[in-house]
Amino acid sequence: MHKEPVPLGEIEQQVRACHACPLADGRTQTVFGDGDPHARVMIIGEAPGKNEDLQGKPFVGAAGKYLNELLALANLEREQVFIANVLKCRPPSNRDPKPDEIQLCAPFLREQTRSIDPEVIVTLGNFATKFILKTDVGITHLHGQLQQAGKFKVLPVYHPAAALYDPKKRSALEQDFTLLGQILGD
Ligand code: URA
């Protein structure tokens, strides 16, 4: 028998109370994620940055502004999707997440995914892609190729922050979000 999904509000409280790793000591607040709790599309990023840590919401800085434009290419408004990160606390100086931090934080993202039960998961960049697909294949090879992970369709794409300053990645990312619109329209 499968357990019932944990309600999103309950997972959020658990995240707020979490002190499982030292990232808790450096945070202003946790960043649970936000959006439609019944979204067809769940977007998964890496970890909160400075602005996200201050505001308590994911993707509120420059990468977030660009993400909103990308969503529009898939005919989606930000309010229609749910956006979360692999890590719920900001790593110091925005360094990469460490494997033990990912492992300790992972149950929250797993429960969020079960609770939201989206049709498509879009993974932004290497950390989210490797986590969801349990693969070591990099995003350069996987981006734009629709995958299946259990019951979920997974579309790996470049991280918008990486694409902001690299025109080649930007055009690939924009194509991949256009593809997302097609997948949803089918
Ligand atoms: N980058 C991420 O991966 N997540 C955020 O929330 C902001 C920037």
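The values are calculated or read from the model by the stated rules, or taken from the named source; none is laboratory data. Predicted, not measured: the structure shown is a model, and the values here were computed from it. Reconstructed Cβ throughout: ideal geometry from the backbone, glycine too, with neighbour counts over all protein chains shown. Just the protein is used for accessible areas: all its heavy atoms, side chains included, with ligands, DNA and RNA removed. Shrake-Rupley method; radii C 1.70, N 1.55, O 1.52, S 1.80 Å.
What are the residues in the stretch 54-65 that are closer than 15 Å to Ala162 by Cα and more than 10 Å from the ligand (Cβ to nearest atom), if any?
The initial filter retains those residues of the stretch 54-65 that are closer than 15 Å to Ala162 by Cα, namely 59, 61-65.
Matches in the stretch 54-65: Lys65 only.
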What is the one condition in (1) open to solvent by less than 70 Å² (accessible area, probe 1.4 Å); (2) within 16 Å of the chain's Cα centre (by Cα) that Ala74 does not satisfy? (2)
With the first residue restricted to the stretch 133-148 and required to be touching a residue at least 24 places away in the same chain (Cβ under 8 Å), and the second required to be assigned to a loop (DSSP other than H, G, I, E, B) and among the small types (Gly, Ala, Ser), Cβ contacts under 7 Å at 6 or more apart or on different chains are none
Residue that is nearest to Leu87 (Cα to Cα), among those in the stretch 33-48 that are surrounded by 22 or more Cβ atoms within 10 Å (Cβ to Cβ) and within 14 Å of the ligand (Cβ to nearest atom): Ala47
Any chance you could count how many residues in the stretch 103-127 are surrounded by fewer than 20 Cβ atoms within 10 Å (Cβ to Cβ) and of a type in the set (Val, Ile, Thr)? 1
Among Asn68, Asn51, the single one that is under 20 Å from Gln175 (Cβ atoms), of a type outside the set (Ser, Thr, Tyr) and either within 15 Å of the ligand (Cβ to nearest atom) or assigned to a loop (DSSP other than H, G, I, E, B) (or both) is Asn68
Per the filter on the stretch 136-147, residues open to solvent by 30 Å² or more (accessible area, probe 1.4 Å) and closer than 21 Å to Ile102 by Cβ are Asp136, Val137, Thr140, His141, His143, Gln147
Would you pick out the residues in the stretch 148-186 that are closer than 15 Å to Ala128 by Cα and either out of contact with any helix residue (DSSP H, G or I) (no Cβ under 9 Å at 6 or more places or on another chain) or open to solvent by 50 Å² or more (accessible area, probe 1.4 Å) (or both)? Gln148, Lys153
Let me spell it out: the conditions are (1) surrounded by fewer than 16 Cβ atoms within 10 Å (Cβ to Cβ); (2) basic (Lys, Arg); (3) touching a residue at least 12 places away in the same chain (Cβ under 8 Å); (4) within 30 Å of Leu179 (Cβ to Cβ), and Lys57 meets all of them except one. Which number is the exception? (1)
